[in-house]
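Below is one structure, written out as structure tokens; comments come after it.
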Amino acid sequence: MDITKVEIPSSKGTIIWYTLTNSKGASVTLSTLGAGIVAVKVPDKNGKIENICLGYADGADYIADGPCLGKCPGRYANRIAKGHLVVDGREYALTINNGPNALHGGPEGFQNQNWEAEVKDDGVLFHYHSKNGEEQYPGNLDVEVEYSWNDENELSLKFRAKSDSDTVVNLTNHAYWNLQGADSGSVLDHEMRIDAEGWLPTDSTQIPTGEIDPVAGTPMDFREFKKIGKDINADFEALGIGKGYDHCWAVSGWEPGVIRDVVTLKDEESGRELLVSSDQPGVQIYTGNWLSGSPLNRSGRSYNDYEGVAIEMQGFPDAPNKPQFPTQLLKAGDTYKRTIRFTFR
């Protein structure tokens, strides 16, 4: 594995981009800013290697960007209703940064921190120490995200976290994919399959109601391959709320600690396919409904809406306030462990 690095000055200090290139010439570029993915270059059906992960031209533009492009948000990815959190009987008021709710750990969440990095034989290990009270969350939390890349074009992420007092944790990666090429246009003709019988309906502020509804007979049904854009404009309340897909699906047959193949994304024109596997109970699919106005990409323009799809393996949004959902509570001294694997073929 060939590993090179580039240093980028920023208001958060020096951001480092690490590029991992395998024996076949396919590569992944990772950033210390938000422990992020900034490029994934893999071959199409004709062997042409091209970047398929949305990214900005300037590494400093990833700081506090609205789309959270490619980064690992936290301490709690996704939404917590009204920033209301109770741990061990004590109430915490989290920073509100998404309408009336807390999103992705707040404006100074993990995605906007410059992580420490350690180069490994086949990847990079990122470290971050989140202090007790950071963005109002309890507990000193030590977090690791370990990336590895291999000759089979598999990108593996292993999350680990440990706290000195009880807290909540929900970690994921927020990369956006376009299998025709990162700056090539809409993904609405991509086909997607999700191994999920149920999805989480929400209120008008995108907080889950607490139910898991069947996908059958609705635009949320991706149990068989379907174009992302087929039903995106359907007369369906949830799609109106999010201006497209921005919802969590409940992984079928989920068992704690068991890695399952969950989402497959494919593009007929390029012949590329992405398989996403994880041991997380949910997957948030976000079709880039608000990408317009983003910082400039490598083609020198902002992205337009629907030019990428984020496939975020994670715990359920607002789980700390929904006892019927799989718990995201991390007890003091225990270790949070989760895995996400992106396989490109």
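Give me the residue from segment 62-75 that is open to solvent by less than 10 Å² (accessible area, probe 1.4 Å) and part of a loop (DSSP other than H, G, I, E, B) and, out of that set, farthest from LYS331 (Cα to Cα).
To start, the set of residues in segment 62-75 that are open to solvent by less than 10 Å² (accessible area, probe 1.4 Å) comprises 62, 68-75.
Retained after the next criterion (residues that are part of a loop (DSSP other than H, G, I, E, B)): 68-75.
Details: CYS68: 28, LEU69: 30, GLY70: 28, LYS71: 25, CYS72: 21, PRO73: 20, GLY74: 17, ARG75: 14 Å.
Looking at residues that are open to solvent by less than 10 Å² (accessible area, probe 1.4 Å) and part of a loop (DSSP other than H, G, I, E, B), I get LEU69.
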Checked SER294, SER252 against criteria (at pLDDT 95 or above and either within 28 Å of ASP65 (Cβ to Cβ) or among the charged types (D, E, K, R) (or both)); the one match is SER294
Evaluate the following for ILE212: is it without any contact (Cβ under 8 Å) to a residue 60 or more places away in the chain, in contact with a Gly (Cβ under 6 Å, 6 or more places away or on another chain) and among the aliphatic types (A, V, I, L, M)? yes
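Are any residues in segment 39-52 outside any loop (DSSP other than H, G, I, E, B) and buried (at least 17 other Cβ atoms within 10 Å of the Cβ), and if so, which ones?
If we filter segment 39-52 for residues that are outside any loop (DSSP other than H, G, I, E, B), which is where we start, we get 39-43, 49-51.
Matches in segment 39-52: ALA39, VAL40, LYS41, VAL42, PRO43, GLU50, ASN51.
Quick one: would you say GLY271 is surrounded by 17 or more Cβ atoms within 10 Å (Cβ to Cβ) and either assigned to a loop (DSSP other than H, G, I, E, B) or polar (S, T, N, Q) (or both)? Please lay out each step first, then the result.
Details: surrounded by 17 or more Cβ atoms within 10 Å (Cβ to Cβ): no; either assigned to a loop (DSSP other than H, G, I, E, B) or polar (S, T, N, Q) (or both): yes.
In short, no.
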With criteria (1) touching an Asp or Glu at 6+ places or on another chain (Cβ under 7 Å); (2) not in a loop (DSSP other than H, G, I, E, B), LYS337 comes up short on (1)
*Check on GLY123, touching a residue at least 40 places away in the same chain (Cβ under 8 Å), within 30 Å of SER186 (Cβ to Cβ) and either surrounded by fewer than 20 Cβ atoms within 10 Å (Cβ to Cβ) or among the small types (Gly, Ala, Ser) (or both)*: no
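Of all residues in segment 198-211, count the ones that are under 21 Å from the mean Cα position of the chain (by Cα) and not aromatic (Phe, Trp, Tyr).
Step one: list which residues in segment 198-211 are under 21 Å from the mean Cα position of the chain (by Cα), which gives 198-202, 205-208.
With not aromatic (Phe, Trp, Tyr) added as a condition, the list becomes 198, 200-202, 205-208.
The qualifying residues number 8.
Given the criterion under 17 Å from the mean Cα position of the chain (by Cα), polar (S, T, N, Q) and open to solvent by 10 Å² or more (accessible area, probe 1.4 Å), identify the matching residue among THR21, THR4, THR29.
The conditions single out THR29.
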Quick count over segment 86-105, residues being under 17 Å from LEU171 (Cα atoms) and either assigned to a strand (DSSP E or B) or modelled with pLDDT under 95 (or both), is 2
The condition of being open to solvent by less than 40 Å² (accessible area, probe 1.4 Å), touching a Cys at 6+ places or on another chain (Cβ under 9 Å), in contact (Cβ under 8 Å) with a residue 40 or more places away in the chain and of a type in the set (Gly, Ala, Ser) holds, among GLY13, GLY55, GLY59, GLY36, only for GLY36
Considering segment 178-188, residues that are open to solvent by 10 Å² or more (accessible area, probe 1.4 Å) and touching a strand residue (DSSP E or B) at 6+ places or on another chain (Cβ under 8 Å), and then whichever is nearest to ASP221 (Cα to Cα), we arrive at LEU188
ASP246 passes all but one of the listed conditions (1) of a type in the set (D, E, K, R); (2) over 19 Å from the mean Cα position of the chain (by Cα); (3) closer than 30 Å to VAL124 by Cβ; the exception is number (2)
VAL42 fails exactly one of (1) under 21 Å from GLN111 (Cβ atoms); (2) of a type outside the set (Phe, Trp, Tyr); (3) more than 16 Å from the chain's Cα centre (by Cα), namely (1)
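Looking only at segment 218-245, how many residues end up being outside any loop (DSSP other than H, G, I, E, B) and in contact with a helix residue (DSSP H, G or I) (Cβ under 9 Å, 6 or more places away or on another chain)? It would help to see each step written out before you state the result.
From segment 218-245, those outside any loop (DSSP other than H, G, I, E, B) are 226-227, 237-242; that's our starting set.
Now narrow it down to the ones that are in contact with a helix residue (DSSP H, G or I) (Cβ under 9 Å, 6 or more places away or on another chain): none.
Counting residues in segment 218-245 that are outside any loop (DSSP other than H, G, I, E, B) and in contact with a helix residue (DSSP H, G or I) (Cβ under 9 Å, 6 or more places away or on another chain) gives 0.
Yes/no matrix, rows are residues, columns are (1) outside any strand (DSSP E or B); (2) more than 30 Å from ILE49 (Cβ to Cβ):
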| position | (1), (2) |
| --- | --- |
| PRO107 | yes, yes |
| HIS127 | no, yes |
| GLU152 | yes, no |
| ALA161 | no, yes |
Condition set of a type in the set (Phe, Trp, Tyr) and within 23 Å of SER278 (Cβ to Cβ), scope segment 218-263, selection most open to solvent (accessible area, probe 1.4 Å): answer is TRP254
If you go through ASN78, ASN114, the only one that is under 21 Å from the mean Cα position of the chain (by Cα), over 17 Å from GLU312 (Cβ atoms), surrounded by 17 or more Cβ atoms within 10 Å (Cβ to Cβ) and not basic (Lys, Arg) is ASN114
Of the residues in segment 189-217, those that are open to solvent by 50 Å² or more (accessible area, probe 1.4 Å) and part of a loop (DSSP other than H, G, I, E, B) come to ASP189, ASP195, GLU197, ASP203, SER204, THR209, GLU211, ILE212, ALA216, GLY217
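The values are calculated or read from the model by the stated rules, or taken from the named source; none is laboratory data. What you are looking at is a predicted structure, and each value in this text was computed from that prediction instead of being measured. Quick reminder, even Gly has a Cβ in these numbers, built from the backbone with ideal geometry, and neighbours come from all protein chains shown. Ligands, DNA and RNA are excluded from the accessible area calculation, which covers all protein heavy atoms including side chains. Shrake-Rupley method; radii C 1.70, N 1.55, O 1.52, S 1.80 Å.
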